[in-house]
Amino acid sequence: MNEITAVQDVRVAGRGEPDAQAGPELACPVSPVLDIVFSRWTTPILWTLNQFGRQRFVVLQRNIATITPKVLTQRLRQMERDGLVVRTYYPEVPPRVEYEISELGRSLAPVFAHLAEWSAENLAKVDRARQEFDEADQPAVAAAR
């Protein structure tokens with residue numbers, strides 16, 4: 001089943017509208033993927049593991065910089081549960097734990113590559129659109145005061 005077929009399957013027959021009874025994940029079939037992959041910290045973690053390979057917790061935290069240990073632990077556990085990250089425990093003294101991106105996580109590399117390409121091509125356009133919008137909105141804000 002391709003993406004178009006998947007979207008068509010959740011449409012109300014003949015009207016081309018999403019089936020309200022189907023729920024948001026069926027009305028937009030990529031919603032569950034977006035929830036898993038593009039949460040606040042999942043993307044930087046996956047990106048870092050994909051770029052730098054297997055890493056210990058402290059090195060991973062240092063490479064992401066702004067993430068707290070608690071949040072990194074929570075996200076890594078969830079990503080391990082989702083099959084995106086592999087955790088390897090070495091029973092030595094002191095114990096050592098390393099994280100690496102799984103094959104499933106690595107399968108997202110083309111998605112990230114396309115997003116990086118889109119970003120390079122379009123973020124300046126987004127910034128310009130925001131500036132134009134904000135400048136056009138300024139007289140309305142001043143008049144409302």
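Where a number appears in this text, it was derived from the coordinates with a stated rule and is not lab data. Bear in mind that the values here come from a model prediction, so they are computed numbers and not experimental data. With ideal geometry, Cβ positions are generated from the backbone for all residues, glycine too; neighbour counts draw on all protein chains shown.
A simple count of charges around E92, restricted to other residues whose Cβ falls under 15 Å of its Cβ and scoring Lys, Arg +1 and Asp, Glu -1, yields +1. Between A116 and A27, residue separation times 0.36 nm minus the direct Cα-Cα distance comes to 29.4 nm.
Tell me the relative contact order for the stretch 28-145 as a rounded percent, counting alpha carbon contacts under 8 Å between residues six or more apart.
Values: 81 pairs, mean separation 25.6, N = 118.
Taking the mean separation of contacting Cα pairs over the length of the stretch 28-145, I get 22 percent.
With the simple model of a label 7 Å out from the Cα in the direction of the Cβ, R130 to T68 spans 2.5 nm. Charged neighbours of L104, selected by a Cβ distance under 15 Å, balance to -1 (K, R count +1; D, E count -1).
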